[in-house]
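Here the structure comes first, spelled out in structure tokens, and everything after it is commentary.
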Amino acid sequence: MHFLDDTVPALAAAGSAMRAELTEHSSEVRHAVALGRYLRAPPAVVAALAAGGEATALPLSPLQECLTEEEKSSVLERGLMVGRCMLPPSNPS
């Protein structure tokens with residue numbers, strides 16, 4: 001059994017990428033898919049939100065309200081780059 005915070009999956013389920021990918025499915029199905037994807041690969045879901053510009057809506061800190069949308073995007077982009085650099089090399093097989 002796994003417990004996880006539903007904030008990121010809920011945002012992903014309501015995001016434009018998930019709506020475009022699963023147009024014929026209900027919001028409940030999109031939410032279930034987002035939960036499964038987040039459970040398997042949290043950085044990938046956050047990266048998809050960042051690519052769609054929706055990651056700035058994530059409640060990361062009460063101080064983020066002091067930033068503009070552009071500044072929030074810049075911080076997230078840098079964080080994702082640092083996270084990517086910390087991953088072990090993938091196996092090209």
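Given the peptides 13-20, 62-69, arrange them by the average over their residues of other C-beta atoms within 10 Å, most packed first.
So the peptides 13-20, 62-69, ranked by packing, come out 13-20, 62-69.
Please give, to one decimal in nm, the separation of the simple spin-label points placed at A17 and L67, each 7 Å out from Cα toward the Cβ.
That separation, rounded to one decimal, is 1.8 nm.
What percentages, rounded to whole numbers, describe P(r) for the range 7-86 computed over all alpha carbon pairs with 10 Å bin width beginning at zero?
Result returned by the calculation: 18, 48, 28, 6.
Any read-out appearing in this document is the output of simple, stated calculations on the displayed coordinates, not a laboratory observation. Bear in mind the structure is a predicted one, so any value in this text is a computation, not a measurement. Here Cβ is always computed from backbone atoms with ideal geometry, including for glycine, and neighbour counts include all displayed protein chains.
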